[in-house]
Amino acid sequence: KSKAQQKGRSLFFNESINKQVKRDFLIESELREALSKNEFSVLYQPQISVDSGKIVAVEALIRWYNKILGHVSPDEFIQVAEDIGMIHDIGSFVIEQALQDILHYNVKHNATLELSLNISPKQLIETNFAEQMIAAIEQFSFKANLVTLEITENIFISDLDKVQPILKRLRDHGFRLSLDDFGTGYSSLSYLSNLPMNEIKIDRSFINKLLVSSQSEALVKTIIAIGQFYNLTVVAEGVESKAQFERLKHYNCDLIQGYYFDRPLSIIDLHAKYSTHDVS
Ligand code: C2E
Ligand code: MG
Ligand code: MG
Ligand code: MG
């Protein structure tokens, strides 16, 4: 390579790093104001029973739209929110908004739609989360057994001791607990025997490869069997095609979530799309 080419490359490299640094900086500074500027919203993605074909639950997914940054994915900003100590306030916002929306939905449609909430490990450990959660459902007269708390598997080997009693307290109070992104962590199986879970969610990456890799297919089949062995609800996330759905049905997966049925919906679209008739 010529000097000029090398220089061009490193210039480009520096520029792209520079751009990323600027973006990170902006995300951090804009995030601090986002709550007070009302920039967050919550969408709801249906989870469908494979047996009945009916919607049984929705997963609340946060969205952030900022004037300068545009849409920022939670995969990008949740980590930052954890780092700058904003995850508690953002988490509370999602919990309250979602409880309010789904309570209203259930009253209006005379339904018992369940609600899944993503809980960041930091949120779980660093505050009196269990007491907060209990207070929140009491405030909205929401039933604990209609609320599932999703905790990602990719965390807390080191925090297991701290997490265990908090999860136990929540479970004892009647909340359902779900292990999100199952299969991607280092010790999926030991989590299952050490934590009081009700549900596992097979990570999207396995569902993606379900029909193209026999290894992934074997893995999915095995995860479903393990879930059944432990008496857990098994949810497949990221289901995008009928063929994937049929295969998961064949292996007796319980619930299906993904673009094949629905993208995450605004509460208005959820009301419009699912009338009492469709709800179990
Ligand atoms: P997750 O909990 O594993 O959520 C599933 C993600 O997969 C969501 O991305 C959802 O929009 C996406 N998805 C669902 N079906 C499909 C599909 O068929 N195809 C594809 N390609 N994607 C699908 P999203 O909304 O961008 O959220 C990303 C992650 O951010 C979530 O992963 C969760 O870990 C985190 N997150 C989202 N909302 C919250 C929140 O309120 N609090 C916390 N702590 N984390 C959140
Ligand atoms: Mg989740
Ligand atoms: Mg997941
Ligand atoms: Mg995820």
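Looking for whichever is more than 23 Å from residue 145 (Cα to Cα), in contact with a helix residue (DSSP H, G or I) (Cβ under 9 Å, 6 or more places away or on another chain) and not in a helix (DSSP H, G or I) here; the options are 261, 206. Which one fits? Give the derivation first.
On the way: 206 fails: not in a helix (DSSP H, G or I).
Result: 261 is the single residue among 261, 206 that is more than 23 Å from residue 145 (Cα to Cα), in contact with a helix residue (DSSP H, G or I) (Cβ under 9 Å, 6 or more places away or on another chain) and not in a helix (DSSP H, G or I).
Which members of the range 224-241 meet the condition of being of a type in the set (Phe, Trp, Tyr) and without any contact (Cβ under 8 Å) to a residue 12 or more places away in the chain? Before the answer, list the steps.
First, pick out the residues of the range 224-241 that are of a type in the set (Phe, Trp, Tyr): 229-230.
Answer for the range 224-241, where residues must be of a type in the set (Phe, Trp, Tyr) and without any contact (Cβ under 8 Å) to a residue 12 or more places away in the chain: just 229.
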- Task: Check whether at least one residue in the range 169-185 is away from ligand 1 (no atom under 15 Å from the Cβ), more than 23 Å from residue 136 (Cβ to Cβ) and part of a loop (DSSP other than H, G, I, E, B), and report yes or no.
- Result: no
- Message: Testing residue 152 on (1) away from ligand 2 (no atom under 16 Å from the Cβ); (2) in contact with a Pro (Cβ under 9 Å, 6 or more places away or on another chain); (3) touching a residue at least 24 places away in the same chain (Cβ under 8 Å), one condition comes back false. Which one is that?
- Response: (1)
- Message: Looking only at the range 225-259, count every residue that is under 16 Å from residue 48 (Cβ atoms) and within 16 Å of ligand 3 (Cβ to nearest atom) and tell me the total.
- Response: 17
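Any chance you could count how many residues in the range 24-39 are among the charged types (D, E, K, R) and crowded, with 17+ Cβ neighbours inside 10 Å? Quick ask: steps written out before the conclusion?
First, the residues of the range 24-39 that are among the charged types (D, E, K, R): 24, 28, 30, 32-33, 37, 39.
Next, only the ones that are crowded, with 17+ Cβ neighbours inside 10 Å stay: 30, 39.
Qualifying residue count, the range 24-39: 2.
Name the residue, out of 28, 59, 82, that is under 30 Å from residue 145 (Cβ atoms) and in a helix (DSSP H, G or I). Before you say what the answer is, go through the steps one by one.
Numbers: 28 fails: under 30 Å from residue 145 (Cβ atoms); 59 fails: in a helix (DSSP H, G or I).
Testing whether each residue is under 30 Å from residue 145 (Cβ atoms) and in a helix (DSSP H, G or I) leaves just 82.
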- Across (1) assigned to a helix (DSSP H, G or I); (2) in contact with a Gly (Cβ under 6 Å, 6 or more places away or on another chain), residue 228 clears everything bar (2)
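Would you confirm whether or not the range 120-129 contains a residue that is part of a loop (DSSP other than H, G, I, E, B) and of a type in the set (A, V, I, L, M, F, W, C)? Before the answer, list the steps.
Filtering the range 120-129 for residues part of a loop (DSSP other than H, G, I, E, B) gives 120, 127-128.
Then keep just the ones that are of a type in the set (A, V, I, L, M, F, W, C); that gives none.
No, the range 120-129 contains no residue that is part of a loop (DSSP other than H, G, I, E, B) and of a type in the set (A, V, I, L, M, F, W, C).
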- May I ask you to list the residues in the range 169-196 that are at pLDDT below 95 and either exposed (fewer than 15 other Cβ atoms within 10 Å of the Cβ) or more than 14 Å from ligand 3 (Cβ to nearest atom) (or both)? 186, 187, 189, 190, 191, 192, 193, 194, 195, 196
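Give 141, 120 a once-over and let me know the one that is hydroxyl-bearing (Ser, Thr, Tyr) and within 23 Å of residue 43 (Cβ to Cβ).
Numbers: 141 fails: within 23 Å of residue 43 (Cβ to Cβ).
After applying the criteria, what remains is 120.
The values are calculated or read from the model by the stated rules, or taken from the named source; none is laboratory data. Values in this document were obtained by computation on a predicted structure and should not be read as measured data. Here the Cβ is made from the backbone with ideal geometry for all residues, glycine too, and neighbour counts use every protein chain on show.
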